[in-house]
Structure formats: structure tokens, C-alpha cells
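Undergrad: This structure is in C-alpha cells; I'll ask about it shortly.
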Number of protein chains: 4
Amino acid sequence: MALHRFVPTRWHNTLGQHEPEFHCQDGDTVIIDTLDAFGVDKDGISRASSPNPVNAPIFIEGAEPGDALCVEILRMTPTRGTGWTFTGLAANVIDPGAIASLPPREMVTWLIDRQMLTTRLENPPAGLEYLTLPLDPMIGCFGVAPALGQAFSNATSAENGGNMDYRRFGPGTTVWFPVAVPGALFSLGDGHAIQGDGEIVGTGIETTFEIEVRLSIAKGRKLVWPRGETADDIFSIGNARPLDQALQHATTDMMNWLIADYGLSSAGASHLMGQVVRYDVGNVFDPAYTMACRIPKKWLPPKAV
Amino acid sequence: MALHRFVPTRWHNTLGQHEPEFHCQDGDTVIIDTLDAFGVDKDGISRASSPNPVNAPIFIEGAEPGDALCVEILRMTPTRGTGWTFTGLAANVIDPGAIASLPPREMVTWLIDRQMLTTRLENPPAGLEYLTLPLDPMIGCFGVAPALGQAFSNATSAENGGNMDYRRFGPGTTVWFPVAVPGALFSLGDGHAIQGDGEIVGTGIETTFEIEVRLSIAKGRKLVWPRGETADDIFSIGNARPLDQALQHATTDMMNWLIADYGLSSAGASHLMGQVVRYDVGNVFDPAYTMACRIPKKWLPPKAV
Amino acid sequence: MALHRFVPTRWHNTLGQHEPEFHCQDGDTVIIDTLDAFGVDKDGISRASSPNPVNAPIFIEGAEPGDALCVEILRMTPTRGTGWTFTGLAANVIDPGAIASLPPREMVTWLIDRQMLTTRLENPPAGLEYLTLPLDPMIGCFGVAPALGQAFSNATSAENGGNMDYRRFGPGTTVWFPVAVPGALFSLGDGHAIQGDGEIVGTGIETTFEIEVRLSIAKGRKLVWPRGETADDIFSIGNARPLDQALQHATTDMMNWLIADYGLSSAGASHLMGQVVRYDVGNVFDPAYTMACRIPKKWLPPKAV
Amino acid sequence: MALHRFVPTRWHNTLGQHEPEFHCQDGDTVIIDTLDAFGVDKDGISRASSPNPVNAPIFIEGAEPGDALCVEILRMTPTRGTGWTFTGLAANVIDPGAIASLPPREMVTWLIDRQMLTTRLENPPAGLEYLTLPLDPMIGCFGVAPALGQAFSNATSAENGGNMDYRRFGPGTTVWFPVAVPGALFSLGDGHAIQGDGEIVGTGIETTFEIEVRLSIAKGRKLVWPRGETADDIFSIGNARPLDQALQHATTDMMNWLIADYGLSSAGASHLMGQVVRYDVGNVFDPAYTMACRIPKKWLPPKAV
């Protein structure tokens, strides 16, 4: 249950079986500084290439295929006074016939007030001068090494996590990933100061963070997709295109979760989900889209055993 | 600004250019009793056929193509002690390989407590005995006659509204529909006592309501898609398959709304939407899926004249 | 078995329950002149509005819901020396990021040589001067009135046919449509001199034809989707978005066809289809896409009964 | 220009940066024996695990990122008297509501007559006793290492090729892959004796082959997607879900090909493609679907330069 500070010296643009740079025990807490999506650190120094560089993996002692890696996001402290976004909605989120009307795609700067925990455009266009948003930090890209010796670009996501860009992956949330290799090989990066649903400009407000996570092992908890829990909700994640398929993955996983852990029959799970489920769009920008199927805990049955 | 009670004697299974059965003035309020999705009324009498019978149209005097019909949902009072749903998640919302594990598709009864404003299964399956849900009434199917002399089944939806099954279409919400024919020809039906996102069992809790709506005309407010406003939010609707395309329609409409009515440039609309937008899944069961692109009012610029 | 010439005086932009303008008997042959997709006739006179005007319906005596209307396309004779297309691939058939590189969307003229049965651009862009294509006439939009009192724009298609834009709907092909109303109410229009798969510029070479069709009734042949037969193949049609769903409809229909009419079990139909099926893309431009699932007759079992 | 026989001792279930087991020169021809999709060799011995094991990579001397690897499929000789398929259409190619009617998914044997070059079911179900099909060999899975250090399961496909299951990848076809790493790292496997469009039972007739390919380097021929050429056609490949997106990738690539290599403007490419293009469905079974955009050579302009 130790508290560590891990200072990476290598970053990767994929989640895969990279050599780990840090080892920890089941239940340890790790503090780590992240780079922004372009690989720039808190001091403005370029340390790695895009897309979405993540730390060389953390090896969690004792994690084995068939386990789940439990990641409690304890804290995300912004470490830079600026973030950036792109101008213009992404071409794939608007009608094809409207794409020609989009503004040129340029990088713009947001100022981050680390005392007030707010952010605003450095040079707002006419009509947006009023806009100051509260920070709502989240992790854009994190996960473990995928199965079968695969390695996936940090531009996308899959069963092992990755670039899901879901705004509920912030402080206070616990996430479980399916472990496919010994040690799990956990990495993270691509922090956002705030992001709307869908990451529809292709970015949240991209900046650097000091992130504190507690890493523990749920032995033998076979998962297919990432799952999460907040103070109020539980949720299952699906990553795929089209969005319909991401929704199918997340819905199926939630049904299986309710049956396996909450003692419901298939019919019971259907009745409950049908009337109380909520869907959240993670991202509709990346190669794989992300959909969360979420249920408020207040409607859940008592957990079986 | 009169208050009317309209007692329909005809119902239709399409939104189209049916002969109107009631005429009202711009700004009038109308109280109407709805049938459930199978055409059964509050007394258990079958009055019309499925799918989703809606009243013979209301003709709003003065509504012309190019206007918007503004529908304020003032009240939805449940008028029956029971509602019904289907058992089993819809085949199209789970992974194809998991469909064989679904329970048989049967109709089940929910008891509606009209004093406590709650509902529960008449015969809950094991493990769901605890479940009593608050009522959260909403209109499943409503809209106006479509353009070009078309007529669409009430099983689906399009630019003119229809079977959108979006849970924010309840009391306190104002909706605008694009008027395509003189008088707009407004109809409604398919009330739900409560429904989760997506209508993923193919139904909300289907029952009958006394619904009070105020109907007024927004002259010359050319719309492509339905739009809405709640106490806290504005939203644009897209209806299409796949869900990706519904999202594109809704997102494009919101962008155009922000530019036209809130004085933002295309770049300004993008910056705002990118960091504050929320997506709600209306339905992922009907032939056309429904996605809402929603923005909290607190982040909107002051409305341009 | 009479031969008629039907000269329409009304055209419609929807397939729906319009008043028929011509009545014929089961087995009659009808010759009819079509307008082009913009409603212009063979003499260059504008006779109707777009999209895709079709003749006021033909009522086939004796056709009843549950029957199929059999349409043998006997002849398509081009009746004009010119056709037209649009410049530029449709925005929905290329990558969103490539849309900005498309040329402006303009109408261009093709010259049709009715002796040689060829066509070429009137003013070919540099590098295309060589291109002279053989005519390969096809019907873009045809079908019967849909079920449930619906009416669909001729821009799109559904179970009743419509704007399918499938290049095998030409002379020598027989098509069956599911009859939903007495008399079937058959209409056609939108002839193309030639068209590639997908109608990816949004048009074939749009022109006028004299079309000869034989109309007969297949009593009680309950269909869900249009089916067709050429000299070499049989095929089932699916109309929907996305293309995946159109493919699912067509594939399911072919499986059911093989089971019902060719005496195969579900397993037998699967074995056959798995190794010999061909898919043709009808259109990927219209609101509903069209996919054909096709099987060469040489691989079919002897027809049952 | 040597002729080699390469006898692999390692196989992989991904395309990635595996250590090469064979090196050859630009222009060499290589003969290689393939395993079937389950890793069984021509003698019935299990040599590798599924899915779709491919040989440890061939390193082509001189191939560099930015080049294309040209693969001429010279010969595919079946090396076993049996192949296998699954019973039952895949769940994702039929309507969700029809899935419950599918037969149980079992492996069945086809007999391969290597003299007559035909194949038939060992135990045909009733009604299929007549069915003997000609062999039409094709490579299901082949390609090069992907970019960015990624590695993808042989169950799927991407820009670097993979499990495309396109029936035109047979003898007489030339394919170009985008080279992302030095030596290209070419592998192949998953041969099919014949396969219908879409691989809709999840398999072609899976068997083993002796395959002869000529491997050469097209220096500096930057590609995004695989391209191919047969005696009659050229084609571009897109791999993605949904099928609509695979089609967009293939169509965009063909447009770019016509502009870059055939001297057409964007408008010229559109005119040509619009009227002559053909789409072939590769697979609609694997995680990424495959669509080919194909143009008959007879309609192409003379190649520029």
C-alpha cells in the first residue's frame, strides 16, 4: 500500500507489450506527471511524439491474465497555465454537406487558472468573451496491454482501454481493465482540463497533470470491456465504430454484469436496464467511438455475495 | 389563448396529411387524452390499432410552411393504474452473438400509483422485488405532417418528429417542429410513465395520459429538425440510422442554431460546443434512431435580438 | 394480355396512395414515357417537379395485399439525345477529411447516340476526351404504394421499392414488389442511360425513356422486400442505412427465399450462400442505401414444387 | 529475381514487427506452404494457434517506409483433400430478429478434388447433394507490418492489409501494400478454396495451399490503403466498420489514384467513377469490414508518364 512517485523517461504511442519502467505492488498508489496529447510537458518542453504519448508501462506485481486491474483516480492536479484545442467541429460529427462551412482547423490556447480552477480562451472569437469554464479534469487515454501480442495506437481504443475520451474518467472514478498479460502493463496520458461529450472538436482542453492513481488487482475477475464506478453510478464501456456497435458492446457488458454480480436473471436485468439506463457518448472522433452504458447505483439490487 | 379539451374520435398510425379533427388558434392550450402504444384507452378499451396511434390532427390556424410549431408540454397526468413493457432487451442493442441468451419476449404489467407517482412490476422476477421507480412521464410519439405529401409510420421518426422516444419530452419542456403544411397538423400519443435512455426494451412503461399542451406559432422560424428547451438546457434533435448519422444531424443543427440565434461564428460555436455539449440517446430501437445534442443554458451567450 | 400505351398527365414525388390514372389487367403490357429526375420530358419541357417524378399510379386489377406485383422490364428505349449528371463525388461516399477537395457541384450534359447506343460528355474535362460509354439503361425509381397508408419521397426507398438506383433494374430483369394496397399502384421514373455502382455522383446519366413493362400478379406470394431475376441470377433487395443494415435485410430475405421456394434447410441455405453469394451495391447516395444479395442460378437447387 | 522455397518454423496471429524468418531481394519469387485458419497443415498436423496464423515475416531487402510492396500472386495449389466451413450465416449479416432461426454453429468438412479442381460437402444436408463447386482459390489474410509499432490480430484488417477475405486476392492478381517498416515484413495465410462475397458464414472453404508470390518494391509509391490489379480491373481497398466507412476509404483512395497516376482532375475522376465504378464486398464478418472500389481497365485513360 505504498505511495510512489514514478518519473517516466520513456513514452509510447501505443498500448502494447513495452518494457515496463516501473513496478509496484497490488494496492500501491502512484503519482505520475503526464504530457499533453502532443508530447509537451508542464514546462513547455517537447518530450515525446504524438499521438497521445503515455508513460512506459507500470508493471503491477501479481496481475495475471484473467484478472482485472482496478484503477482508482484519486487526484488530477493541472500543472500548466495553458491548454490547447482545435478550432472547428470534426468533419465526422456533422452532416457531410455542412463540412465545407467549417472554419480552418487551427490550434488555439486556453488559459488555465489553477487557483480558481477555471479556463478560458486566450483570444476568444467575437461573442465568446464571456466564457469561463470550470475545470473538470479527465484522462483521455489510459489502459493496459491488449491480448494476443497486439499493440494499438493511442489514437484509438479497444477492449484494453486506450483513447476513450470519456469525461467521467476523472477524480473519484474507479475503472477496471481486463488484464491480458502478466503485470497488466498500465499506462496513461492525454489529460483534459475539460471536455464536452464526444470530443467533437477532436480535443478536450489538452494540458498536463500530476495524476495520482491507486492500482490494485481484482483476482480472476474476468472482464471483456472496461468498467467503472463513480459516487453515483456504475458503467460499462464499449469501443467500436459505428456508435451503434459501441452501444451494443456496452449494453451487453452491463447486462452480463447485472446477471453475474447482482443476481439478476436476463429478464430482470432487461426490466431494470430498460427503464433506468443512461448512455453517455465518450468520443465520436477517434477511429473507435466510445459509449458508456450507465446505471445509477440507487436503482441497483444489493450486490450478490 | 383559450383552453380547450379535444376529444378525438379518430386516430392514425402515421403522421401525414390526415383530415384535422380539431382547430385552434395560435397560443391556445389543448387538453387531450392519449391511448397507449397498442391503442388501448384509460378504461382498458381498445380504440385504435398499433403502432402508436395518435389523435387525428389538430389544425393550428395561421401556421404555414416555413413556420415552426411551438409545443409547450404543460402537464402529463397518468390516467390508468397500469402500464406495460416487454421482457428482454431489443435484439439490435446487444451484440449479435448474445441475442440467443435473451429471454422470450413477453408483455408484462407495471402497477402505477397515481398518488405516490411511482410504478413497480406487478410480478417482479426474483431479485427485482425492491424496484419502485418514480414516474417521469414523457411523450413517445408526436409531431406534425411531413413535407412533400409524405406520411410516415408512427413506428419511426424524421424531420417532422414522430416516434423519437426521448425522455426529455416531458412536462416543462418546449419543443419546436418545422411546419410543412398549412395548419401544421399536430398529433401526439405513445405516452410513457418512465423510460430509460434508448428505449432498449422496445418500450417505456406504456400507458395513457391526460396531456395539456400549449400550441403557438413561431412565424418564419425555418427549422430542419425539431428543437427543444427545458428549464436548464436547449437541444437539437436528429433522427436517422445509424446513431452516428442522428448525431451528425443534431450536431449540425445545434451549430446552425448557435450561429443564427446566438450570434456566434462557426469557430465560436465550435469552441463552445466542443467543451460543453451533452449527447442524449433518445431511442435506439425504432427504424430511425434519435440523438439529442444538448447545451446547458448557463453556457450560452446572450441571445442575439 | 393486352398491350397498352399509357400517357400520364399527372406525376408524383412520392410512392403512396395516389389516385390511379390507368387500370390494367393481370398480365397486360404497358408502354409509358418517363420524365427525367428533374421532371423534364423527351422534348425538353418541364412537366413535373423533382425529386424523381413518377407517373400517377397504374392500378392492376385483382392485385391484393399479400400478393406480389411482378414487373418484367421488357424494353427501355432512350427518347432524348441528352442526359445529365452532376460533377463531383457525393460527400457521403468519400472520407470526411477529403470532402473539401471535391469540385463544385454542377450539372453537366452527356450526349446520347441513339443509333450507336453510346453516350459521352458534351464537354469532357482534360483527360476524359476518350470516354464513350455504351448505354446500359436502368430504372432508378419504381415500386408500389407502401403499407399502413404511408407515402415516401421518391428520393428514398423502402420495402415497397422506390429510388433504389440499382443497375440491374434494366431490360431483361423481372422484379417482384410486395403489394400493400388493392391494385398495387405501380409507378416508375428516373431512368438512367448508364450508372456505376452506388450512384456515387448522385445521379446516373439522367434522361427520358420509353419503357415497356409487363405487369402480372403472383397471388399470395407474400414478400417483405423486392426480389428480382435476370437471365443468370436471382437477387433480394434491402433498402436502409447504414449499408450494413441494407445488407442484413437482403441477406435475410435471400435465406428465407431459398428455404421457402428451393426446399433448403436453414443450414443448407447457409452453406450455399456462404460460398456463392454476390453482393451488389445499388445506391449509397439516397437516404436509404440499397444492397442486392445475388445468387447465380447455376448454383441453385431445382425449385421446389 | 531468384526463386526460393521458404519453409516457416514460426507462425504469428498478428501482423506486427516480428523477427523475420526469411530474407529476399526485390523481385524474388517465394514459394510457401500455408496452414489453414486453425493452424492445421496439409498433413492434418496442428502447427500453430488460431486465428489465421501467418508465416514469420519475410524481409524484403531494400523496402523502406514510403515504398509499396508489390505482391504478385502467381499460383495457389491446394495441398489437402479437405477443407472446412461453419454451418450457419454469421449473426451480424442477418436481421437481428432472424438470428434465433439460425442453425447451430458447427464445423463441416468439404472434400477437395485436386484433379478436377472442385469441392463438395462431405455430408451435404438434404437438397444440397447436387452442389459441386469449382475451386476459386484466394488468400484470406496477408499484408505487412503496420505503422507506429502497432500489431493487429489476424482476425481483422487495416491499412497494412490483414484478414480482408476478398475473393479477388487469388492467382493472377497483383496487390500493393503500404510499407511502414524496413523490409516491409510480409506474411500470409488463411487460404480459401472458394468463398462467396462477404465471407458470410465466417469462413471460406478453409484449407492449405502451396502459394507462389513474386515480391518487389515500388520505390516511393506512398500508399494509404492496399491496391490491386487483375487482368481486367484495378481496385482500391478500404477496411473499416461500418461498411459505409470501408466504402468511403476505398472510394477516396480510387479518386486519389486516378488523379495521381492517370492524370485526371477531381472532376474528371468523379465523372469516370460515377458511371463505371464497381463495388465488391470483401468481408462483412471480421471486426473490420472490407470493401473494394473497382474500375475496369477498359475505361481507364492512358496512364500518365
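Undergrad: Could you pull out the residue among D:Ala155, D:Ala145 that is more than 14 Å from chain C (Cβ to nearest Cβ), open to solvent by less than 10 Å² (accessible area, probe 1.4 Å), in a loop (DSSP other than H, G, I, E, B) and not basic (Lys, Arg)?
TA: Sole residue among the options that is more than 14 Å from chain C (Cβ to nearest Cβ), open to solvent by less than 10 Å² (accessible area, probe 1.4 Å), in a loop (DSSP other than H, G, I, E, B) and not basic (Lys, Arg): D:Ala145.
Undergrad: Tally time: how many residues in segment A:183-197 are away from chain B (no Cβ under 14 Å) and either surrounded by 24 or more Cβ atoms within 10 Å (Cβ to Cβ) or aromatic (Phe, Trp, Tyr) (or both)?
TA: Qualifying residue count, segment A:183-197: 8.
Undergrad: Let me ask you something else. Hey, A:Val277 hits all of (1) closer than 30 Å to D:Ala246 by Cβ; (2) open to solvent by less than 10 Å² (accessible area, probe 1.4 Å); (3) not small (Gly, Ala, Ser) but one; which does it fall short on?
TA: Here A:Val277 meets the rest and fails (1).
Undergrad: If you take the residues of segment D:194-242 that are small (Gly, Ala, Ser) and assigned to a loop (DSSP other than H, G, I, E, B), which of them is farthest from C:Asp280 (Cα to Cα)?
TA: D:Gly220
Undergrad: So which residues in segment D:1-13 are assigned to a loop (DSSP other than H, G, I, E, B) and free of Cβ contacts under 8 Å to residues at least 40 places away in the same chain, if there are any at all?
TA: D:Met1, D:Ala2, D:Val7
Undergrad: Mind checking which residues of segment B:34-58 are more than 23 Å from B:Ala218 (Cα to Cα) and either polar (S, T, N, Q) or open to solvent by 40 Å² or more (accessible area, probe 1.4 Å) (or both)?
TA: The initial filter retains those residues of segment B:34-58 that are more than 23 Å from B:Ala218 (Cα to Cα), namely B:34-54.
If the condition is that a residue be more than 23 Å from B:Ala218 (Cα to Cα) and either polar (S, T, N, Q) or open to solvent by 40 Å² or more (accessible area, probe 1.4 Å) (or both), then B:Thr34, B:Phe38, B:Lys42, B:Asp43, B:Gly44, B:Ile45, B:Ser46, B:Arg47, B:Ser49, B:Ser50, B:Asn52 are the ones that fit.
Undergrad: Given the conditions (1) away from chain A (no Cβ under 14 Å); (2) open to solvent by less than 10 Å² (accessible area, probe 1.4 Å); (3) outside any strand (DSSP E or B), which single one is not true for C:Leu89?
TA: (1)
Undergrad: When you go through D:Asp261, D:Asp232, D:Asp253 one by one, which is the residue that is closer than 28 Å to D:Asn92 by Cβ and among the charged types (D, E, K, R)?
TA: Every option except D:Asp253 fails the conditions.
Undergrad: Select from segment A:121-136 the residues that are loosely packed, with under 14 Cβ neighbours inside 10 Å and outside any loop (DSSP other than H, G, I, E, B) and list them in ascending order.
TA: A:Pro134
Undergrad: Let me ask something else. Which residue pairs have Cβ atoms closer than 8 Å, lie 6 or more positions apart in sequence or on different chains, and pair a first residue in segment C:258-278 that is of a type outside the set (Gly, Ala, Ser) with a second residue that is assigned to a helix (DSSP H, G or I) and open to solvent by 10 Å² or more (accessible area, probe 1.4 Å)?
TA: C:Ile259/C:Ser266; C:Leu272/C:Trp299; C:Val276/C:Trp299
Undergrad: Exactly one of these conditions fails for A:Leu264: (1) within 7 Å of chain B (Cβ to nearest Cβ); (2) open to solvent by 40 Å² or more (accessible area, probe 1.4 Å). Give me its number.
TA: Exception for A:Leu264: condition (2).
Undergrad: Is it the case that B:Pro287 is at the interface with chain A (Cβ under 7 Å from one of its Cβ atoms) and either part of a loop (DSSP other than H, G, I, E, B) or surrounded by fewer than 24 Cβ atoms within 10 Å (Cβ to Cβ) (or both)?
TA: No.
Undergrad: Here is a follow-up. Among the residues in segment A:14-23, are any open to solvent by 30 Å² or more (accessible area, probe 1.4 Å), part of a strand (DSSP E or B) and outside the structural domain of A:Phe209 (by TED's automatic domain parsing)?
TA: For segment A:14-23, residues open to solvent by 30 Å² or more (accessible area, probe 1.4 Å), part of a strand (DSSP E or B) and outside the structural domain of A:Phe209 (by TED's automatic domain parsing): absent.
Undergrad: Could you check segment C:225-244 and list, in sequence order, the residues that are within 11 Å of another protein chain (Cβ to nearest Cβ) and either in contact with a Phe, Trp or Tyr (Cβ under 8 Å, 6 or more places away or on another chain) or under 18 Å from D:Ile194 (Cβ atoms) (or both)?
TA: Selection gives C:Gly238, C:Ala240, C:Arg241, C:Pro242, C:Leu243, C:Asp244.
Undergrad: On to the next question. From A:Ile139, A:Ile200, A:Ile217, which residue is crowded, with 24+ Cβ neighbours inside 10 Å and away from chain B (no Cβ under 14 Å)?
TA: None of the other options fit; the residue is A:Ile139.
Undergrad: Is it the case that some residue within segment C:171-182 is open to solvent by 10 Å² or more (accessible area, probe 1.4 Å), touching a Cys at 6+ places or on another chain (Cβ under 8 Å) and either within 12 Å of chain D (Cβ to nearest Cβ) or hydrophobic (A, V, I, L, M, F, W, C) (or both)?
TA: yes
Undergrad: Moving to a separate point now. Yes or no: D:Thr207 of a type in the set (Ser, Thr, Tyr) and either crowded, with 24+ Cβ neighbours inside 10 Å or under 13 Å from the mean Cα position of the chain (by Cα) (or both)?
TA: Yes; evaluated as a whole, the condition is true for this residue.
Undergrad: While we're looking at this one, here's another question. Among the residues of segment B:215-247, which ones are within 15 Å of the chain's Cα centre (by Cα) and either among the basic types (Lys, Arg) or at pLDDT below 95 (or both)?
TA: Correct list: B:Arg227 only.
Undergrad: Among the residues in segment C:221-237, are any open to solvent by 20 Å² or more (accessible area, probe 1.4 Å) and of a type in the set (Phe, Trp, Tyr)?
TA: No, every residue in segment C:221-237 fails to be open to solvent by 20 Å² or more (accessible area, probe 1.4 Å) and of a type in the set (Phe, Trp, Tyr).
Undergrad: Hey, another quick one. Does A:Gly191 count as under 30 Å from B:Leu272 (Cα atoms) and outside any loop (DSSP other than H, G, I, E, B)? Even if it seems obvious, please write down each step before you answer.
TA: Working: under 30 Å from B:Leu272 (Cα atoms): yes; outside any loop (DSSP other than H, G, I, E, B): yes.
It is true that A:Gly191 is under 30 Å from B:Leu272 (Cα atoms) and outside any loop (DSSP other than H, G, I, E, B).
Undergrad: Taking segment D:92-120 as the search range and keeping residues that are within 14 Å of chain B (Cβ to nearest Cβ) and part of a loop (DSSP other than H, G, I, E, B), which one is nearest to B:Val284 (Cα to Cα)? Walk me through how you get there before you give the answer.
TA: Of the residues in segment D:92-120, the ones within 14 Å of chain B (Cβ to nearest Cβ) are D:92-105.
Subsequent filtering for residues that are part of a loop (DSSP other than H, G, I, E, B) retains D:94-95, D:102-105.
On the way: D:Ile94: 18, D:Asp95: 15, D:Leu102: 24, D:Pro103: 28, D:Pro104: 28, D:Arg105: 28 Å.
Top of the filtered list is D:Asp95.
Undergrad: Restricting to segment D:92-120, give me the number of residues that are open to solvent by less than 30 Å² (accessible area, probe 1.4 Å) and closer than 20 Å to D:Thr79 by Cβ.
TA: Of the residues in that region, 3 qualify.
Undergrad: Here are some residues: C:Ala292, C:Ala269. Which one is more than 7 Å from chain D (Cβ to nearest Cβ) and in a helix (DSSP H, G or I)? Can you show your working first?
TA: Values: C:Ala292 fails: in a helix (DSSP H, G or I).
One residue alone meets the criteria, C:Ala269.
Undergrad: Just need a number here: residues in segment B:30-48 that are in a loop (DSSP other than H, G, I, E, B) and closer than 19 Å to B:Phe59 by Cβ.
TA: 1
Undergrad: Could I ask something else about it? When you scan segment A:247-257, do you find a residue that is farther than 21 Å from A:Arg167 by Cβ, more than 7 Å from every other protein chain (Cβ to nearest Cβ) and of a type in the set (Asp, Glu), even just one?
TA: Scanning segment A:247-257, I find no residue that is farther than 21 Å from A:Arg167 by Cβ, more than 7 Å from every other protein chain (Cβ to nearest Cβ) and of a type in the set (Asp, Glu), so the answer is no.
Undergrad: I'd like to verify a number: residues in segment B:159-170 that are open to solvent by 10 Å² or more (accessible area, probe 1.4 Å) and among the aliphatic types (A, V, I, L, M), how many?
TA: Count: 0.
Undergrad: To continue, here is another question. Any idea which of (1) in contact (Cβ under 8 Å) with a residue 12 or more places away in the chain; (2) over 15 Å from C:Gly81 (Cβ atoms) is the one C:Glu129 doesn't satisfy?
TA: Evaluating C:Glu129 over (1) in contact (Cβ under 8 Å) with a residue 12 or more places away in the chain; (2) over 15 Å from C:Gly81 (Cβ atoms) leaves (1) as the failure.
Undergrad: Among the listed residues A:Thr119, A:Thr85, A:Thr109, which satisfies the condition of being β-branched (Val, Ile, Thr), touching a His at 6+ places or on another chain (Cβ under 9 Å) and in contact (Cβ under 8 Å) with a residue 24 or more places away in the chain?
TA: A:Thr85
Undergrad: While we're here: Going through C:Ala48, C:Ala37 one at a time, which residue ends up being within 30 Å of D:Asp244 (Cα to Cα) and either modelled with pLDDT of 95 or more or within 14 Å of chain A (Cβ to nearest Cβ) (or both)? Before you say what the answer is, go through the steps one by one.
TA: On the way: C:Ala48 fails: within 30 Å of D:Asp244 (Cα to Cα).
Among C:Ala48, C:Ala37, only C:Ala37 is within 30 Å of D:Asp244 (Cα to Cα) and either modelled with pLDDT of 95 or more or within 14 Å of chain A (Cβ to nearest Cβ) (or both).
The values are calculated or read from the model by the stated rules, or taken from the named source; none is laboratory data. Keep in mind the model is a prediction, meaning the values are calculated, not measured. Glycine also receives a Cβ, built like all others from the backbone with ideal geometry; neighbour counts cover every protein chain displayed. For the accessible areas, the whole protein counts, side chains as well, though only heavy atoms, and no ligand, DNA or RNA atoms are used. Shrake-Rupley method; radii C 1.70, N 1.55, O 1.52, S 1.80 Å.
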